[in-house]
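Please read the structure below before turning to the comments.
Since every read-out is calculated from the coordinates, none of them should be taken as a lab result. The shown structure was predicted, so the numbers you read here are calculated from the model rather than taken from an experiment. For neighbour counting, all protein chains shown are included, and Cβ atoms are generated from backbone atoms with ideal geometry for every residue, glycine included.
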Amino acid sequence: MGVVLDVVCALITREESVLLCQRADGDHLAGWWEFPGGKVEEGESAADAVRREIEEELACLIEIMEKPVLPSVEHDYPDRSLRLQGFRSRLADCSPEPCALEHAAIDWVPFGDVEEVALAEADRKLWNAARGVIEGGTPVRDGEEG
């Protein structure tokens, strides 16, 4: 389909829940839920991009949990293709609570209820690939240290 957009997102967890954001009216996939994040800018690392996006969208700070590494997924929408890299994270100790600056709503969703949420297709693929790690399961890749 041409150019593949590199997109990052944060799977921000607290206790047994993950933070989901509902896309605002007028956005691509308006009304669908997603993990917060956005596009990687030229010259920016993926980790820096996800931190920047979270601060811009939610006015909060995150700490990325580096191990185990989450898988990336690729998805083709009718109008675009993307490569989505998720980062397992939590709110930084000094962070305020997240607030929906660019989304219609945000919600802490229990891990077991994520399947019931209208997640965007790429985010659903990422959740399915990463949920074992997020829920405290085994590392994603054979030989990867947890």
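Structure notes:
- Qualifying positions in the stretch 54-76 - assigned to a loop (DSSP other than H, G, I, E, B), within 14 Å of Leu11 (Cα to Cα) and among the aliphatic types (A, V, I, L, M): Leu61, Met65, Val69, Leu70
- Residue among Leu61, Leu29, Leu101 that alone is among the hydrophobic types (A, V, I, L, M, F, W, C), closer than 16 Å to Arg124 by Cα and touching a helix residue (DSSP H, G or I) at 6+ places or on another chain (Cβ under 9 Å): Leu29
- Taking the stretch 65-97 as the range and being surrounded by fewer than 14 Cβ atoms within 10 Å (Cβ to Cβ) and within 21 Å of Gly132 (Cβ to Cβ) as the test, the residues that pass are Glu66, Lys67, Glu74.
- From the options Leu20, Leu5, residue that is hydrophobic (A, V, I, L, M, F, W, C), surrounded by fewer than 16 Cβ atoms within 10 Å (Cβ to Cβ) and outside any loop (DSSP other than H, G, I, E, B): Leu5
Table: residues versus (1) part of a strand (DSSP E or B); (2) under 17 Å from Gly2 (Cα atoms).
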{"position": "Pro78", "(1), (2)": "no, yes"}
{"position": "Leu82", "(1), (2)": "yes, yes"}
{"position": "Gln85", "(1), (2)": "yes, no"}
{"position": "Arg88", "(1), (2)": "yes, no"}
{"position": "Pro98", "(1), (2)": "no, no"}
